[in-house]
1. For residue 9, state whether it is surrounded by 14 or more Cβ atoms within 10 Å (Cβ to Cβ), assigned to a loop (DSSP other than H, G, I, E, B) and modelled with pLDDT under 95.
2. Working carefully through the options 66, 88, 83, find the one that is part of a helix (DSSP H, G or I), out of contact with any strand residue (DSSP E or B) (no Cβ under 9 Å at 6 or more places or on another chain) and either surrounded by fewer than 12 Cβ atoms within 10 Å (Cβ to Cβ) or free of Cβ contacts under 8 Å to residues at least 24 places away in the same chain (or both).
3. Do you know which residues across region 47-57 are more than 39 Å from the chain's Cα centre (by Cα) and assigned to a helix (DSSP H, G or I)?
4. Might you check whether a residue that is assigned to a helix (DSSP H, G or I), modelled with pLDDT of 95 or more, at negative phi and more than 27 Å from the chain's Cα centre (by Cα) occurs anywhere in region 29-42?
5. Report the residue count in region 62-98 for those that are more than 10 Å from the chain's Cα centre (by Cα) and either at pLDDT 95 or above or closer than 13 Å to residue 29 by Cβ (or both).
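The values are calculated or read from the model by the stated rules, or taken from the named source; none is laboratory data. Everything quoted here is computed from the prediction, not taken from an experiment. Cβ: placed from backbone, ideal geometry, glycine included. Neighbour counts: every protein chain shown.
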């Protein structure tokens, strides 16, 4: 989070770093999904070829592999969706933090303005 000898990082910097990590993970998962889709296409092609050659034992094994690959794809898709939701939550938290900081600044300006007005009335 923060440096041992340096300054403490601002919430904006922390959110930016974490969003980078999340986006990197999403890209990596999408690459894995693409690879699994290619593997699925190869297995389907081999299943059809072996089914025509009447090699049912290898067809059964490849069908089980196909099911495993499809389950893995759905798991990766769910992970991708969860990571994107986390990224959205971080963006929301960052915007709320920015709004609260600006409200603090505005309230300070209002207080100083009202105090200066009170002093001028006296």
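1. yes
2. 88
3. Answer for region 47-57, where residues must be more than 39 Å from the chain's Cα centre (by Cα) and assigned to a helix (DSSP H, G or I): 49, 50, 51, 52, 56, 57.
4. There is at least one residue in region 29-42 that is assigned to a helix (DSSP H, G or I), modelled with pLDDT of 95 or more, at negative phi and more than 27 Å from the chain's Cα centre (by Cα).
5. Residues in region 62-98 being more than 10 Å from the chain's Cα centre (by Cα) and either at pLDDT 95 or above or closer than 13 Å to residue 29 by Cβ (or both): 17 in total.
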